[in-house]
Amino acid sequence: MPNLANTFKNHINQQLPFLKESKLLIAISGGVDSVVLTHLCKEAKLDFALAHCNFNLRGNESDADESFVLNLAEDLDVEVFIQNFDTESFAKNEKLSIQLAARQLRYDWFFELSEQLNFDYILTAHHADDNLETFLINLTRGTGLEGLKGIPEVNETIVRPLLSFSREEIEDYAKTNHLKWREDSSNASTKYLRNKLRHDVITVLKDINPDVLANFQKTLTHLNDSSAIVEGAVDSFLNKAIVTIDDNQISYKISEFEELNNPKAYLFEIFKDYGFTQWKDIKNLLKAQSGKLVFSKTHQLLKDRDYLILSEFSSKENNQTVTILEDQNEIKLPNGILCIESVEEIGETDKSTIYIDKKTLKYPLTVRHWEKGDYFYPLGMQGKKKLSKFFKDEKLSLLDKQKTLLLCSDHQVVWVINHRADNRFKLTKQTQDILKIKYQK
């Protein structure tokens, strides 16, 4: 078997040469994988420090891991950072599994360290067996092509230099060089899916075919090549399908989807990263009545006449009423700022700027979202009009209606913000105090 240290150096030189000129942070648990990665980086003369998370999940065992990492750092004469977490409390508060909570805590801290201390890359000790386990996990849970591409060797600032090496190679190196490491007792338990696959499934696959990891790597290469073709096709389609795009929403022409032989595949590739899972419902949007919605935890997809409109799902905080006192001049709203000032004369008006008679107002004013049954007296028109009818005449989409805010005085609509002022608050010949109100995004 080739010397792993030499093979690792060659891999860095050929595939990851940028690491040789970078300041690196190695995520180290104390287990054999991260310990071997640390020693290999030391032999390769890379510039690195260590970062260890104590999740306080295994009592004295967790503390012993921390002590081991501190001693290793001292032996190798490298800088080390230690962070303790109350993982169980965090998981409970955030309603996450222990594994997901630990992952979030770990990476949030790594990124914080990198930003504060100017580390260029974070190195993790994921290897070829981890890659196969992740592939099988995604396969058992149901996934698209993206979930079958495996763990990326480089993902922005996270680099996995051991990804092409097997667990067997790593353990052989550790034993040959008489390295010490810590064994995590939880790794022996098969109550976690990853461990069950590792002990009960992958072992059998290796018995059936000792070259399973090498063949798996070939499969990943083919899948990544296929994924590149899919990405190219989707990008080409989006160039035709996207009508408008801004900070709030993206609009797609439904007619472009209808011309496809397999629109569901394109819908999946385009909207999978927004948390959607109801692919049958999303496909049905293409033929649904205008106003039909499909929600994910973070986004919504709206059928609006000839378009699909994607936007971030409004939080409850954004639907709260904002109170405005008489001495306030700048009021922060969910998607902009309302500016109120006294002026001597009328300037230029548009949809985002109105002028009203201050004496007609009763403070405090409020800003809120529209509700069913709301009406106002549109400036320049006779009589009152329901907002639902006004929105229809203005041809606002359901999404635009959801985002529309009302400036109110004593429960009366002063301004349908960015649309129309109310006639009851207009300037007259008797007006003495002019208020300029402007909404800025």
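Quick notes on this structure:
- Residues located in segment 118-150, provided they are surrounded by fewer than 17 Cβ atoms within 10 Å (Cβ to Cβ) and over 20 Å from the mean Cα position of the chain (by Cα): N118, D120, I137, L139, T140, R141, G142
- Residue check, E341 part of a loop (DSSP other than H, G, I, E, B) and open to solvent by 70 Å² or more (accessible area, probe 1.4 Å): no
- Residue in segment 206-222 that is within 28 Å of G31 (Cα to Cα), touching a helix residue (DSSP H, G or I) at 6+ places or on another chain (Cβ under 6 Å), without any contact (Cβ under 8 Å) to a residue 12 or more places away in the chain and surrounded by 14 or more Cβ atoms within 10 Å (Cβ to Cβ) present: yes
- Residues being within 16 Å of T38 (Cβ to Cβ) and of a type outside the set (A, V, I, L, M) - total across segment 113-168: 8
- Restricting segment 239-268 to residues that are open to solvent by 60 Å² or more (accessible area, probe 1.4 Å) and of a type in the set (A, V, I, L, M, F, W, C) leaves a set whose member that is modelled with the highest pLDDT is V243.
- Members of segment 119-169 that are more than 22 Å from E269 (Cβ to Cβ) and of a type in the set (G, A, S): A125, A128, S164, S166
- One residue alone among L123, L76, L50, L100 is out of contact with any strand residue (DSSP E or B) (no Cβ under 6 Å at 6 or more places or on another chain), aliphatic (A, V, I, L, M) and either over 30 Å from V204 (Cα atoms) or in contact (Cβ under 8 Å) with a residue 40 or more places away in the chain (or both), and that residue is L76.
- Scanning segment 168-176 for any residue that is of a type in the set (V, I, T), free of Cβ contacts under 8 Å to residues at least 24 places away in the same chain and open to solvent by 70 Å² or more (accessible area, probe 1.4 Å) turns up at least one such residue.
- Of all the criteria given as (1) open to solvent by 60 Å² or more (accessible area, probe 1.4 Å); (2) under 30 Å from V294 (Cα atoms); (3) part of a helix (DSSP H, G or I); (4) of a type outside the set (A, V, I, L, M, F, W, C), the one not satisfied by K359 is (2).
The values are calculated or read from the model by the stated rules, or taken from the named source; none is laboratory data. The structure displayed is predicted, hence computed values, not measured ones. Here the Cβ is made from the backbone with ideal geometry for all residues, glycine too, and neighbour counts use every protein chain on show. Accessible surface areas use protein heavy atoms only, side chains included; no ligands, DNA or RNA. Shrake-Rupley method; radii C 1.70, N 1.55, O 1.52, S 1.80 Å.
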